[in-house]
1. Take the cross-link list 107/219; 4/107; 22/157 and give me the ones stretching past 29 Å between alpha-carbons.
2. Out of the GluC sites (Glu not before Pro) in the stretch 169-223, which ones are loop residues according to DSSP with at most 10 other C-beta atoms within 10 Å?
3. Counting pairs of alpha carbon atoms under 8 Å apart in space and at least six apart in sequence, what relative contact order in percent does the stretch 4-222 give?
4. How far is the Cα center of the stretch 94-157 from the Cα center of the stretch 178-211, in Å?
5. Which whole-number value in Å² is the accessible area per residue of the chain, probe 1.4 Å?
6. Nearest 500 deg cm²/dmol is fine: what mean residue ellipticity at 222 nm does the chain get from its DSSP H runs of n ≥ 4 alone, each adding -39,500 (n - 2.57), divided by its residue count?
7. Picking from 83, 27, 182, which is most flexible by a Gaussian network model of the chain using Cα springs under 10 Å?
8. Please find, in a Gaussian network model of the chain (springs between Cα atoms separated by less than 10 Å), the residue of 139, 184, 68 whose mean-square fluctuation is greatest.
Amino acid sequence: MSIKVSASILSADPMYMGQAVKNVESAGVDFIHVDVMDGHFVPNLTMGPFIAKGVKDITNVPLDIHLMIDNPEIFIKPFAEVASKGDIITFHIEASKEPERVITTIKDYGLLAGVALNPSTPVDAIKGVVESVDLILVMTVNPGFSGQKFIKDAMPKLNSLSKIIGDHQLLSVDGGVTVETAPMAIENGANMIAAASAIFKPEDTNLAIKDLRDAANNKLICS
Ligand code: DX5
Ligand code: ZN
């Protein structure tokens, strides 16, 4: 299986979001990563269902919705209503009191369910739900902002998760993923990468995605 690439629009120019979505679509990304922040779970505010719908309306690329919000149970419905089959909704294990219920709700809408872990959260925190999710998201920065440095200390956790997941499950890394750090994540078992700065900061988005994909897939072949 080749590595999936998810483009986080958090680093796109907000005044030209539509163009950014079209650019990553034509570059062939596998997912568009929508970073949702509530100012409580993380110290930043970003996009809500309104933006997710706007993105959805102009592209067929599946959405990879990353909820960095408290009480995710409240917000599954509005996001699920703009999503469709093949889209992912991921919530943070640290933010939910009822992770099983959140996963069931996401799946009841016909969507893929993901669970995310902050860099300091151990694998044990998701042990009760690891088999019922479609995606596990290992954060390689403390969530809140794009442009932070990749936390290598998350690699042993990624590695142990890669040994317990099934063939059908996605294991994604998010935060500080670049052509330099992506190979390390792949080596430790990731089969998906999410990136914002590495895709939207370079002049040529198309080339940036190609470089990222090549760096990840070459490592996959070599290891
Ligand atoms: C961080 C977000 C990430 C972020 C990644 O809280 O969840 O998805 O956009 O940005 P980069 O790739 O710049 O680290
Ligand atoms: Zn994210």
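1. Values: 107/219 33 Å; 4/107 21 Å; 22/157 34 Å.
From 107/219; 4/107; 22/157, over 29 Å: 107/219; 22/157.
2. Working: sites: 180, 187, 203; in loops: 180, 203.
When the GluC sites (Glu not before Pro) of the stretch 169-223 are filtered for loop state and at most 10 Cβ neighbours within 10 Å, 203 remain.
3. Details: 443 pairs, mean separation 41.9, N = 219.
Taking the mean separation of contacting Cα pairs over the length of the stretch 4-222, I get 19 percent.
4. About 20 Å separates the Cα centre of the stretch 94-157 from the one of the stretch 178-211.
5. Counting only protein heavy atoms, the per-residue value for the chain is 45 Å².
6. On the way: 8 runs with 77 residues, N = 223.
Counting only the DSSP helices, I get -10000 deg cm²/dmol.
7. 27
8. 184
The values are calculated or read from the model by the stated rules, or taken from the named source; none is laboratory data. Predicted model only: the values in this text are computed from it and were never measured. Every residue, glycine as well, gets a Cβ built from its backbone with ideal geometry; the counts of neighbours run over all protein chains shown. Each accessible area value is taken on the protein alone, full model and side chains, heavy atoms only, with ligands, DNA and RNA left out. Shrake-Rupley method; radii C 1.70, N 1.55, O 1.52, S 1.80 Å.
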